[in-house]
Structures are given as C-alpha cells and as structure tokens.
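Remarks on the structure that follows.
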Amino acid sequence: MNYNIKRVLCGICAAVAVFACRKPETVVPTPSPGGEMDKPKSDPVLVFKAEPLIVSAEGGVYTYQFSTNRRPSVESSASWVSVLCSSHVKGKSEAVASDIDEYDLVLTIDALESGEDRSAIITISAPECESQILNITQERKKSGTNSLVSFVIKADANGLEKDVAFTLDEKTKTYSAMYLKWIDKQEPQMLVPTFETDGQSVSVNGQSIVSGESAISFADDFEIVVKAENGEENIYKLSFNCPQINTELPVMRIHIPASEITSKETYKKTKLDLYRPGSQEGMWSSQSNEEVEIRGRGNSTWGLPKKPYRIKFPEKFSPIGLNHAKAKSWVILAHDMDKSLLRNHLAFEMSRILFSSGDTFHDEHTLTFTPCSQFVNVYMGNEFHGVYQMSDHMEVSKGRIGLDKLEKDDGADAEKITGGHLIETNIHNDEGHPVAFTSSHGIYMDHKYPKDDDMDIAQYQYMEDFIDKAEKVLYSSDFKDPTNGWRKYFDECSLADFIIIKEFAGDMDGYTSTYFYKRRGVDKIYFGPIWDLDKGWNNDKRTPHGDTLTQLMIYGGFYMPPYINPDWFHRFWQDADFRKFVGQRWASKKAELKAKVLSELEEKPKQMHKAIEANFSVWKFYYQYSDEANMPAQTYELEIERMKNLTEKRAALLDEKFR
C-alpha cells in the first residue's frame, strides 16, 4: 500500500474514529457512535486470538479482529508495520455481549527490499486488561537457486586410481560416470563424493549430505535433491557404472591377468572372488577360500580376443545360487562374436521349455538337463574384463548330465557297459585316440563319457559298435519303417526338439557339433543337451549352401563333409512322417518359444544395461575379429531389434517349412 492511500485511509479513520501510524506509536480508537468506553460497564474484557504472523519479503495487508469493553490502544514496535484500528460501525455479532465492542485491526507491512529477516510486535492494551501480543516475522527474499554444479568422486578419499568426474545430461538431469578398475577396500560401494551446489542443502533418501564428508552407496542409481532457500527442490539422478559394486549381476574377480592364462590344457592357479551383491549364497572369497585353477577352453572361440575359460574349484561347489549342481568345474563363456551376448542364453531358455520335466512329450529316459545361464561381471587382475555367461561344464554328474555311472572298474560287464555314454560329433577331429573315432559313415566323433582317464577300452568299443549298428539301419532302404527303421535306434522326440531349437535359432553350426547319449539298458540314441548356439540369429556371414535366411539350417547351414552323403539330419528329414511329427510339435510350442525369446530380448538388456555398456567400453561393439561372424547392427539396441525381427521371420519360415 503506497503512502497516498495510507493518507486517505487515515482521513477515513478520523471520520469514523480511526487512528493510523507509520512509526512505532500508540493508536487509540475513539468510541463508535453511542459508545461509552470511558465508563466501565462490567468486568474488564479484552479478547484477541491469533497465531504468530510470518510474512514474505513482499509484505502485504493483514486483517484481525479483537473485542473489549474498555477503551483499547494498539501499538506497533516497528515503523514498517502500519496499524489501522477501527470499531465496527455496522453493529456487532449476536455472540458478543451488549457492553463489549468489536474492532478491526488492519496491518500493512512494507516490502523488505534487502537485509536479513526482521520482526515486530503488535501490542493491544486496554485498562484493567491483560495486554495481547501479535508477533510478526518478515522473512527476507530467499534464493531460488538449487543447481548441482559439479559431482566428483575423489581418488585419494575413496581408494581409487583416479578421480571420477560425473557428466551431466541436461535433458534427463542425470549425472553419470564409469569406473572399471577394482576398488580394493571394505564396502567398495560406499564412496564419499565431492560436489558443488548453489542451493541451501543437498540430500539423498531424505538424509542431508555434506560434500567431501558423507559416504553414499553407489551400488544402484539414486536421486539427489538440491533444495533452495525458498524451499524449491531440484532432483537429479546419479548413475555410477562400476561393475564391481553394481547390483545388476554377480561379480567374479580372477586375481591373475588374462595374459597369464595361455593354455587350454594346462591349468593356472589363482585366487578368486565370486559373489552376488547383497547375498552370501555361493560366495567364494580369496581371503577365506583356497585358490582355484583356470585354463582356456573352446575351439575357434579360444583364438578370439575375449576368451572363454574353464574354472576348477578345489572342492565341489554351487556358485552364486546355481544350486542345481555341486561340481568342481564351471565355465565362463565370453561371446566375443555374439555382440548381443544373449544367443546361447536364448537357446538355453528354449531348451528349458522343450525339455521340461513336466512335459509328457518325452519318455522317462530323456534327460531334462539344460545348462544354467548366469551372466557375471568378470575382473582379471585389477581390470574389468567384460560380461561373461557362467554355465555348467558339460559333463556327466549329478545335477548335470545325469547318465548312469560307468567307470574303468566296470570293465566289460554285460549290463553296465550299455550305459551311460555321452558322445559329441566333432568336425574338427582334433582329439586323439581313443577319445576320437570315426563312425562307419565317416562322421568324426568324440567320447565325452566315460572319461578317458577312467574307462575300459571295451566300453568305448561297445558304443562305437552301437553307433555303427544304428547307422546301418538309418542308411538302409527301409529306414522309414516305424518299427524296425531308424526310430528303433534313435529317439524321435528328443531329435524333434533338438531340431526345433537349432532351426528356430537359425544356428549355422547346429548340425556339426551335436551331443547325444545312450542310457543303460535302453537301446536308443537320445539327442542333447543343447549347447553352443552363438552362430544363431544370422551371426555367421558364411553361406556354404545358399541363403540361410530362407531355408532350413539342415540344408543351409554347415553339415558333415560332402563324402558323408547324406548327412544324418538330411537322412532323418527324408522321412515325411518325421517332418510331420516335427511340424506338430512346433505348432504346439511355437507361441511359447517365440514369446520367451522376444521377452528375453526385451528384458535382459534392461536388467544388465550397465554391465553391457561396461563390456563394450572394454571390447569394441561394431567390430568382428573373427572372419566368420557377421557384423552386428550399428548399435547394441539396433542389434537387439534385428534379432527380434529375425525371430519373427524365422517363426514364419518354420510354419512353412515344417508342414
């Protein structure tokens, strides 16, 4: 309210017995017409009820009421509070006694242009009455700035090799940084940040934090709130990509660097740490557990920059919650050629559907084992080495390939010698005698069980003779006979599911590396377990037999050498009844398989997006060291979309080809 208005109001007040002031003084209203305030009428009364008044820097006009049966006076302790006091001229409320007058108290508070907060006291007095007080506080104009100007994790204060400066994405208001060295301290997730702000306070999860002093958990993304003096809040997101502490995936630290692991045959001893953040289950500690052994593994994948490994624990062990098996040997798969990192995982998920113990499609002799699939963040030495897929070593043991135990001491026992046997076809033919052998039709194969260091040669000979007998029937003129044809020696159901997985994935190598097994007392070959599908989803640029996207991999992918004519799977596929059988099985499972693959392609990249980003900070994404693998799409996100599209197209192709 400006000064001229105040003058007018003063004039009005004078006309109606009202007094106002612009300085600390007392205002005494004159009686209203007919009033007799100078004569006490009854016991003294002065009623005024009001909470302390807090006023913004802009000031304003505030109105109160009080009542008394004595002549009142009102005093302001500050010149910046104008007082205007007048008695009611329109009568009083029915609730007020006839000898008590009611008054309006109007306070005009000037704007506070600068300086600190200020206060004033309004005192209402009347003879013989206890004075009433109104406390006024006017707050200075408060700053609205609430920016987080910078955010750094200092090396010296946190045991890091270098300072980690976070960068701000203005659009999403996200501060982010990446650190890929091992943090060698207790509770490495608890770090003390140093930050600059123009706000009044900074908090995380409702707790105030101080730059350079407060420790915060950086295991997961969190919000940081910067509050201005005026109470306005600005919320930022903090995202720290540090695989060692992030909760997305379990963490494995192999203490020796990758450069020291040079052999697929000779193990190297090393300390190992293995843990799942937030859980003690299946943890292996370098401080409290013995050293482990590690060596290389794989065929062509061993020659790639990011190499796969086999780890051997000193005792049978179920790591990081993989409780389906307790074993010494486990593998970590690198997926150097598979830029999605997911192809083998997808195949295993399909296998879990088709080879489910709850599915009555298979007979009781069929193994329902599918290798586990657990992605882990792997460090070697002090360096992050990438995302790996931890899985079972393919071996006969409890919780894995559950075949009948067959050992050297069993010799040629007529009953025991019939199983169990595990065989792998091996186009490389790189194993020596007696592990490696060639079938009567010229297919290179390896004995995987019994193990070569605990077998009787008669056991190997038995299985080789059984395969020869089965091949003779498979390549006979009446091989389609439902009773005495190939079905007598090969299990049709496991073969059908094996083919469906290989074909739906479009696995180029699908029919050159095949596991199959024989149970004790059962004169049939069963197919599985599923393994090694990193060439699926159009991940091989070689086209040995024409366009691989428009035909079955039985014909379009790699198969046995030309002198093996026809290949086993070509021969199976010549049986029209078998093709129909596969088509029916596909039709019954297509929706579930397709939904699972698309779901995993959608969800897995979200669940481990930090780990994926870190992996391709170490290993270039748009690059193939192998001269066999196809180049991926331009970005990881586009590669996932490409695989989704391939899944849709492949499902439609199988609808046509499996008729």
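Worth a mention:
- Figure legend. Inter-residue proximity from region 496-520: first residues closer than 17 Å to HIS345 by Cα, second residues surrounded by 24 or more Cβ atoms within 10 Å (Cβ to Cβ) and of a type in the set (D, E, K, R), beta-carbon distance below 7 Å, spacing 6+ or different chains. Indicated pairs: ASP507/LYS535; MET508/LYS535; ASP509/LYS535; GLY510/LYS502.
- Restricting region 606-626 to residues that are assigned to a loop (DSSP other than H, G, I, E, B) and aromatic (Phe, Trp, Tyr), the residue that is surrounded by the most Cβ atoms within 10 Å (Cβ to Cβ): TRP619
- Residues in region 618-642 that are hydrophobic (A, V, I, L, M, F, W, C) and out of contact with any Leu (no Cβ under 6 Å at 6 or more places or on another chain) were compared, and the one that is modelled with the lowest pLDDT is ALA629.
- A count restricted to region 562-600 and to residues that are exposed (fewer than 14 other Cβ atoms within 10 Å of the Cβ) and either at pLDDT below 90 or touching a Pro at 6+ places or on another chain (Cβ under 9 Å) (or both) stands at 5.
- Members of region 61-79 that are under 16 Å from ASP117 (Cβ atoms) and open to solvent by less than 30 Å² (accessible area, probe 1.4 Å): ALA78
- Selection status of ASN382, open to solvent by less than 20 Å² (accessible area, probe 1.4 Å), polar (S, T, N, Q) and in contact with a strand residue (DSSP E or B) (Cβ under 7 Å, 6 or more places away or on another chain): no
- Residues that are under 35 Å from the mean Cα position of the chain (by Cα) and open to solvent by 30 Å² or more (accessible area, probe 1.4 Å) within region 532-555 comprise ASP532, ASN538, LYS541, ARG542, LEU549, listed in sequence order.
- PHE369 vs. criteria in contact with a strand residue (DSSP E or B) (Cβ under 6 Å, 6 or more places away or on another chain), among the aromatic types (Phe, Trp, Tyr) and either crowded, with 21+ Cβ neighbours inside 10 Å or at pLDDT 95 or above (or both): yes
- Each residue in region 279-288 was checked for being within 29 Å of the chain's Cα centre (by Cα) and free of Cβ contacts under 8 Å to residues at least 40 places away in the same chain, and 6 of them qualify.
- Here LYS649 meets each of (1) touching a Gly at 6+ places or on another chain (Cβ under 8 Å); (2) within 21 Å of GLU349 (Cα to Cα) with one exception, condition (1).
- Meets criteria (exposed (fewer than 13 other Cβ atoms within 10 Å of the Cβ), under 25 Å from THR247 (Cβ atoms), in contact with a strand residue (DSSP E or B) (Cβ under 7 Å, 6 or more places away or on another chain) and not small (Gly, Ala, Ser)) for THR167: yes
- Set THR262, THR247: member being within 26 Å of the chain's Cα centre (by Cα) and surrounded by fewer than 17 Cβ atoms within 10 Å (Cβ to Cβ): THR247
- Hey, GLY528 in contact with a helix residue (DSSP H, G or I) (Cβ under 7 Å, 6 or more places away or on another chain), modelled with pLDDT of 90 or more, of a type in the set (Gly, Ala, Ser) and open to solvent by 30 Å² or more (accessible area, probe 1.4 Å) or not: no
- Residue among ASP523, ASP497 that is outside any strand (DSSP E or B), among the charged types (D, E, K, R), open to solvent by 10 Å² or more (accessible area, probe 1.4 Å) and at pLDDT 95 or above: ASP523
- Residue that is farthest from TYR62 (Cα to Cα), among those in region 124-174 that are in contact with a Pro (Cβ under 8 Å, 6 or more places away or on another chain) and aliphatic (A, V, I, L, M): ILE153
- Here region 188-207 is the region considered, the condition is being part of a loop (DSSP other than H, G, I, E, B) and in contact (Cβ under 8 Å) with a residue 40 or more places away in the chain, and the residue that is surrounded by the most Cβ atoms within 10 Å (Cβ to Cβ) is GLY199.
- Region 268-278 - residue that is open to solvent by less than 90 Å² (accessible area, probe 1.4 Å) and either modelled with pLDDT of 95 or more or touching a helix residue (DSSP H, G or I) at 6+ places or on another chain (Cβ under 7 Å) (or both) and, of those, farthest from ARG310 (Cα to Cα): ARG276
- Which listed residue is modelled with pLDDT of 70 or more and touching a Cys at 6+ places or on another chain (Cβ under 7 Å), from LEU84, LEU112, LEU53: LEU84
- GLU229 assigned to a loop (DSSP other than H, G, I, E, B), open to solvent by 40 Å² or more (accessible area, probe 1.4 Å), of a type in the set (D, E, K, R) and at pLDDT below 95: yes
- Qualifying positions in region 423-467 - open to solvent by 30 Å² or more (accessible area, probe 1.4 Å), at pLDDT below 95 and touching a helix residue (DSSP H, G or I) at 6+ places or on another chain (Cβ under 6 Å): SER440, HIS441
- Verdict on SER239 being open to solvent by 40 Å² or more (accessible area, probe 1.4 Å) and either in contact with an Asp or Glu (Cβ under 6 Å, 6 or more places away or on another chain) or not in a loop (DSSP other than H, G, I, E, B) (or both): no
- Only listed residue being more than 16 Å from TYR515 (Cβ to Cβ) and open to solvent by less than 20 Å² (accessible area, probe 1.4 Å), chosen from GLY420, GLY411: GLY411
Every residue, every condition in (1) closer than 27 Å to PHE361 by Cα; (2) among the aliphatic types (A, V, I, L, M); (3) part of a loop (DSSP other than H, G, I, E, B); (4) within 36 Å of the chain's Cα centre (by Cα), yes or no:
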residue	(1), (2), (3), (4)
ASP446	no, no, no, no
ASP452	no, no, yes, no
MET455	no, yes, yes, no
TYR462	no, no, no, no
ASP478	yes, no, yes, no
THR483	yes, no, yes, no
CYS493	yes, no, no, no
PHE504	yes, no, no, yes
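The values are calculated or read from the model by the stated rules, or taken from the named source; none is laboratory data. All of these numbers come straight from a predicted model, not from anything done at the bench. So basically every Cβ, Gly included, is an ideal-geometry build from the backbone, and we count neighbours across all protein chains shown. When the accessible area is computed, the model is the full protein with side chains, heavy atoms only, and any ligands, DNA or RNA have been set aside. Shrake-Rupley method; radii C 1.70, N 1.55, O 1.52, S 1.80 Å.
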